[in-house]
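A.B. asks: Take this structure, written in structure tokens, and hold onto it; I'll ask about it next.
The values are calculated or read from the model by the stated rules, or taken from the named source; none is laboratory data. What you see is a predicted model; the values in this text were computed from it and never measured. All Cβ positions, even for glycine, are placed from backbone atoms using ideal geometry, and neighbour counts span all protein chains on display.
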Amino acid sequence: MALRITVIGAGPGGYTAAFDAAKRGAEVTLVEAKWLGGTCLNCGCIPTKTLKSSAEALETMHRAAEFGIKAEGSASVDMPAVIARKRKVSETLRGGLEKTCAKLKVKVVMGVGQVVSASLVRATLADGSVQDIEGDKVIIATGSDVLNLPSLPVDGKYILSSNEALELDHVPARLVIVGGGVVGCELGFIFRAFGSEVTIVEGQDRLLPVPSVDAEMSKLLLREAKKKGIKVELCRTVSSARVENGAVFADLGPSPFVAPELLPASAKKPATLEADCIFSTIGRVAVTKGLGLAEAGIETDKRGFIVVNDQLETSVPGVYAIGDILGPARIMLAHMAEFEAHAAVANIFGAQAKPNYDVVPSGIFSSPEIGDVGLTEAQAKAKGFDVATAEFQFRELGKAQAMGELPGVFKLVADKASGRLLGAHFAGAHATDLIAEAALALQKGATAAEVAGTIHAHPTLAEGVMEAAAMLGE
């Protein structure tokens, strides 16, 4: 008899696990509360990149004369058309997932899954009926959702989460984005390109205050944000927000996340921002409603994220968990969820697979883009390495000049004694694609000399990786 596996959640982790298990011969049931593809496909990765493509197209049209192109009239954004295209892209990809489920004979149940035990999942369907799904193993992949703050009550009109922001059918004249992390920066550059006056409010002392992002990348992004006319309020938080006379007002105060002696004078002064709209992009919470974790005896941490062992098994034998539901103790990225999915399925079939969290590339689709993998300079030093770094500017590349994409830098971090690469941090056009080479180099334990000694095609942006690696050998 085939092994029966129930997967709860059909995001990148869930559908990857379902497909992998089905290919191995398992009988798979995929339970999803809302839509195939999860956050990534429907209100995260794919929609933001679709909007970014529209923003880049508009910016290129505005720069047409720079490339010797005559354009009659002025280009402007048609937000209903942009949103329609975004929805079509997501629908197309969802359709692909449906076809793959059918091809692999994965049974899809649309409902809220509750874990009763490793052998029973109870799904509550939209009409209120209940369906019991018997099996042998369970994989939980319900992901995360936007975090709402009492000081920023989301109303869907004046104060929006990132979910609502991606459905906005108009361009706010004045936009405040609370949170200068990945989502906040991506949306900030997109809506600035569309024509909004954008102000980003960040509680830390830099944009992208993420451990994996090198400080040099944050400095570069801040500089480019200001060049594009984006205002940035660092070391500040929003203490309250209110709607009056068709506008929304955000009261700013000094950030509690920065030591008082390190606060700049400007951040200590109370201020109020008036806007047409506020985007709240300040974090994620675990999606556990209806899962019945406590009743099933599945351990969670103090924030509600599921605790697993190295093999991704929960405190209940036979029940595994992957993806964002594991929280920031792991890495909350779609491609990490996919790798965890493969590991969990392999372990269900008898392996002892452990996901490698040391070499996980990330892509930030700001403008310019940022790609990173491995250790930052600060992290490498904290780990005791004698660090060597090299930086090569985008503007020194012939391809960058030809493209008119000059802002950017390639930064490599290496162990000085051995030359082994420890980290790579790129900012610039296509940085999110370029980081793949560095990820492979780190995965294979390559040295800077080995990367520099690899012939790179000319003229390409990838030559910047080679040039930075060559500088480490000088």
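A.B. asks: Suppose we keep only residues that are in a loop (DSSP other than H, G, I, E, B) and hydrophobic (A, V, I, L, M, F, W, C) within the range 223-248. Which one would you say is farthest from residue 196 (Cα to Cα)?
C.D. replies: Filtering the range 223-248 for residues that are in a loop (DSSP other than H, G, I, E, B) and hydrophobic (A, V, I, L, M, F, W, C), the one farthest from residue 196 (Cα to Cα) comes out as 235.
A.B. asks: Quick one: which of 25, 37 is more than 25 Å from residue 325 (Cα to Cα) and in contact (Cβ under 8 Å) with a residue 12 or more places away in the chain?
C.D. replies: After ruling out the rest, the residue left standing is 25.
A.B. asks: Would you point out which residue out of 275, 265 is over 24 Å from the mean Cα position of the chain (by Cα), over 16 Å from residue 366 (Cα atoms) and surrounded by fewer than 15 Cβ atoms within 10 Å (Cβ to Cβ)?
C.D. replies: None of the other options fit; the residue is 265.
A.B. asks: Still on this model: Against the definition (over 27 Å from residue 380 (Cβ atoms) and at pLDDT 95 or above), how does residue 231 come out, yes or no?
C.D. replies: yes
A.B. asks: Is at least one residue of the range 192-214 farther than 26 Å from residue 43 by Cα, modelled with pLDDT under 95 and not in a helix (DSSP H, G or I)?
C.D. replies: no
A.B. asks: From the residues in the range 36-57 that are outside any helix (DSSP H, G or I) and at pLDDT 95 or above, which one is surrounded by the fewest Cβ atoms within 10 Å (Cβ to Cβ)?
C.D. replies: 36
A.B. asks: Do we have any residue at all in the range 309-324 that's assigned to a loop (DSSP other than H, G, I, E, B), closer than 19 Å to residue 182 by Cβ and of a type outside the set (Phe, Trp, Tyr)?
C.D. replies: No: the range 309-324 contains no residue that is assigned to a loop (DSSP other than H, G, I, E, B), closer than 19 Å to residue 182 by Cβ and of a type outside the set (Phe, Trp, Tyr).
A.B. asks: Something else: Might you let me know whether the range 12-22 holds any residue that is crowded, with 23+ Cβ neighbours inside 10 Å, touching a helix residue (DSSP H, G or I) at 6+ places or on another chain (Cβ under 9 Å) and assigned to a loop (DSSP other than H, G, I, E, B)?
C.D. replies: No, the range 12-22 has no match at all.
A.B. asks: Residue check, residue 369 against (1) within 26 Å of residue 230 (Cα to Cα); (2) touching a Leu at 6+ places or on another chain (Cβ under 7 Å), all met but one. Which one?
C.D. replies: (2)
A.B. asks: Of all residues in the range 442-469, which are over 17 Å from residue 375 (Cα atoms) and touching a residue at least 24 places away in the same chain (Cβ under 8 Å)?
C.D. replies: Within the range 442-469, 449, 451, 458, 459, 460, 461, 462, 463, 464, 467 qualify.
A.B. asks: From the list 388, 382, 402, pick out the single residue that is of a type outside the set (Asp, Glu), touching a Pro at 6+ places or on another chain (Cβ under 9 Å) and not assigned by TED's automatic domain parsing to the domain that holds residue 65.
C.D. replies: On inspection, the qualifying residue turns out to be 402.
A.B. asks: I'd like the full set of residues that are without any contact (Cβ under 8 Å) to a residue 24 or more places away in the chain and more than 26 Å from residue 169 (Cβ to Cβ), limited to the range 65-95.
C.D. replies: 65, 68, 69, 70, 72
A.B. asks: Could you please let me know if residue 16 is modelled with pLDDT of 95 or more, farther than 20 Å from residue 119 by Cα and of a type in the set (Ser, Thr, Tyr)?
C.D. replies: yes
A.B. asks: Another question, if that's okay. Checking residue 357 against (1) aromatic (Phe, Trp, Tyr); (2) outside the structural domain of residue 449 (by TED's automatic domain parsing); (3) over 29 Å from residue 186 (Cβ atoms), which test does it fail?
C.D. replies: Failing condition for residue 357: (3).
A.B. asks: State all residues of the range 146-187 that are part of a loop (DSSP other than H, G, I, E, B), among the hydrophobic types (A, V, I, L, M, F, W, C) and modelled with pLDDT of 95 or more; if no residue qualifies, say none.
C.D. replies: Hits for the range 146-187 are 166, 168, 171, 173.
A.B. asks: Looking at 448, 436, which one is touching a Leu at 6+ places or on another chain (Cβ under 6 Å) and either at pLDDT 95 or above or within 26 Å of residue 224 (Cα to Cα) (or both)?
C.D. replies: 448
A.B. asks: Another question, if that's okay. Against the condition in the same structural domain as residue 134 (by TED's automatic domain parsing) and more than 20 Å from the chain's Cα centre (by Cα), how does residue 22 come out, does it pass?
C.D. replies: Judged against the criteria, residue 22 is a match.
A.B. asks: I would also like to ask the following. I'm checking my understanding of the structure. Among residues of the range 158-167 that are surrounded by 20 or more Cβ atoms within 10 Å (Cβ to Cβ) and either of a type in the set (A, V, I, L, M, F, W, C) or without any contact (Cβ under 8 Å) to a residue 40 or more places away in the chain (or both), which one is nearest to residue 52 (Cα to Cα)?
C.D. replies: Among those that are surrounded by 20 or more Cβ atoms within 10 Å (Cβ to Cβ) and either of a type in the set (A, V, I, L, M, F, W, C) or without any contact (Cβ under 8 Å) to a residue 40 or more places away in the chain (or both), it is 166.
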